[in-house]
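I have placed the structure first, in the form of structure tokens, so that the comments after it can refer back to it.
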Amino acid sequence: MKNILAFSLLLLTGFAKPVFAQEIEGDKKTIGSIDLSVGVYYDEKKEDLPKEIETAGTFRQYTALQWNADSRTLRFVPKAVGVGTLTIKDPKTGAILAEYTISVRKTDLQKVAREIQALLQGIEGISIKMLNNKAVVDGQILLPSDMKRIHSVVKQYGAQATSLVTLSPTAQNKIAQFIERKIGNPEIRVNAVNGKFILEGFANAREDKDKAEIVAKMYVPDVVVDEAVADKKVLERKVDVVINLIAVRAPPEVEPPKIVQMVIHYVELQKDYSKSFRFQWLPDLGDGSSLEFATGGRSPGGLTATITGTISNLLPKLNWAKQHGFARVLQSSSVTVEDGKQGVINSITRLPYQVVNGQGQPSTNFEETGIKTNVTPQIMGARSDSVKLALNFAVKSLLSYSDQGPLTASREIQTVLHVRSGQSAAVGGLISNDSGTNFNKLPAGASKNPLISLYASKDFRRNQSQFVVFVTPLIKSSASAGSDKIKRKFRLDQN
């Protein structure tokens, strides 16, 4: 019963069975091979053999052989690892009836194969075979990470296992396709050749070429070193894994910068109001007494005294006045500049006035009044209609003249803002308010020593002003855009 159970186990596991057997017609000779394991016997049925046989060969140092003539069965009992030959002859005629190659391997090799199979069951594309007394892992895989696991597993079993696994060329092509999709440029192709990744095609800029190479290096798999290369039987060429053959196109011609027309309106509103009342009765006596000496003529000579006097402002005066004033100053200017360039508009008036120097000689100085404008437009993007404006406005206006020269008022605005093309923005304003009231203030030239002082007055004044600047940017396709409208306005296109 034990023999039957052991024989069945051998047949199921495949440890001891003829790998190859062929019968040669004519002399009825059988040629084959038998694989055995140390400690596990194997029975081979041979119905065509006679009851008496003769054996020869080198098999005896590896396995014992028993012949059962009744059941026509050869029983092999392996005892040492190795490879030998078995020749079976007919003792009567000396004819060779069968020839076998006997291979005996270690008993625990099947266990090693099962353990390797269990550890590598998640890796596709490999198979485990038992050859030359070793468990051999063979096949092609897709990922270098699987190669690391296979190497780590096989290394644990030493001389009992080896690996012939290689990286599949299909994996290289899949990685090349993935790199090409990741680059995302339809004009750049990635090809896998002999373990190298070649980048070909065209890029619009040097930055795009360098970016494609960086992406390819990020996804290039680890290098799998072949055993022949490790043993220096084969020397690989020192070539970069990523070969960048992308050509960079010549940059297109620079388009002329866009034109921006700046329309600027200066608006200043002025209001003044005054109301005055005055009652004045300030009679003043002027003393004109004198002493005279006269001789000769018909008049007797002697001393003559004359007393005279003059009364001024004898009549009372009543003055009442009420005044309103309104002024609006409006000035418009326009300048056309290139995108990003500074435009300057100056409207200046020089006011002369006389001065006396230290030597008493008169000379003429000038005071400037008017508007100074510096504006720098910048279009925010090729397809955007938003304009960034850097503005600097300065306004100096004349208030009045005095003995020291003209009195002027200055206003200045500096700002940066964004305005859409064709829209206007109030970029700044200045409001001033001046008011005052005088009670019983003597006018200039009033008598300092009047006979009678009856004087009452009230003077009220209010001055208001407001200054605002409006800016409107207009993006033009060229400097000549809009010139036809101006010609029609001034009738310059008529003969």
*Quick one: net charge of Leu351's neighbours, Cβ under 9 Å, K/R +1, D/E -1?*
-1
*Are any of the pairs Lys271/Lys458; Lys45/Lys134; Lys79/Lys111; Lys111/Lys196; Lys46/Lys92; Lys209/Lys388 more than 30 Å apart by Cα-Cα distance, and if so, which?*
Lys111/Lys196; Lys209/Lys388
*Each label point is 7 Å from the Cα along the Cα-to-Cβ direction; what then is the distance between the points at Gln140 and Arg249, in nm?*
3.8 nm
*On the accessible surface of region 73-221, probed at 1.4 Å, how many percent belong to carbon and sulfur atoms?*
51 percent
_Could you report the accessible area of Met130 in Å², rounded to 10, computed with a 1.4 Å probe on the protein chains as they sit in the structure?_
50 Å²
*Any chance you could look up the accessible area of Lys89 with a 1.4 Å probe, heavy atoms only, rounded to 10 Å²?*
70 Å²
*Please give the contour-minus-distance gain from Val241 to Ala426: 0.36 nm per residue of separation, less the Cα-Cα distance, rounded to one decimal in nm.*
60.4 nm
_At 0.36 nm per residue, and after removing the present C-alpha to C-alpha distance, how many nm does the segment from Gln466 to Lys29 gain when stretched out fully?_
144.6 nm
*asked:* What does the net charge come to around Asn438 if you take all other residues with beta carbon closer than 9 Å to its beta carbon, with K and R at +1 and D and E at -1?
replied: +2
*To the nearest 10 square angstrom, how much accessible area does Leu120 have with a 1.4 angstrom probe?*
10 Å²
*Label Ala56 and Lys322 with points 7 Å out from Cα along Cα→Cβ: what is the distance between them in nm?*
15.7 nm
*Listed residues Arg350, Arg105, Arg72 arranged by accessible area, highest first, probe 1.4 Å*: Arg350, Arg72, Arg105
*Packing-wise, with mean Cβ within 10 Å as the measure, how do 263-270, 62-69 rank, highest first?*
263-270, 62-69
*Reciprocal of mean inverse Cα separation for region 94-160 (Kirkwood radius, Å)*: 13.7 Å
*For region 151-217, with every protein chain kept in place, what is the accessible area per residue (1.4 Å probe, Å²)?*
60 Å²
*For Val263 and Asn346, calculate 0.36 nm times their separation in residues minus their Cα-Cα distance, and state this gained length in nm to one decimal.*
28.5 nm
*How much net charge surrounds Asn191 when only other residues with a Cβ under 11 Å from its Cβ are counted (Lys, Arg +1; Asp, Glu -1)?*
0
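The values are calculated or read from the model by the stated rules, or taken from the named source; none is laboratory data. What you see is a predicted model; the values in this text were computed from it and never measured. Note that we place each Cβ from the backbone using ideal geometry, even for glycine, and neighbour counts take in every protein chain shown. With ligands, DNA and RNA removed, areas are computed over all heavy atoms of the protein, side chains included. Shrake-Rupley method; radii C 1.70, N 1.55, O 1.52, S 1.80 Å.
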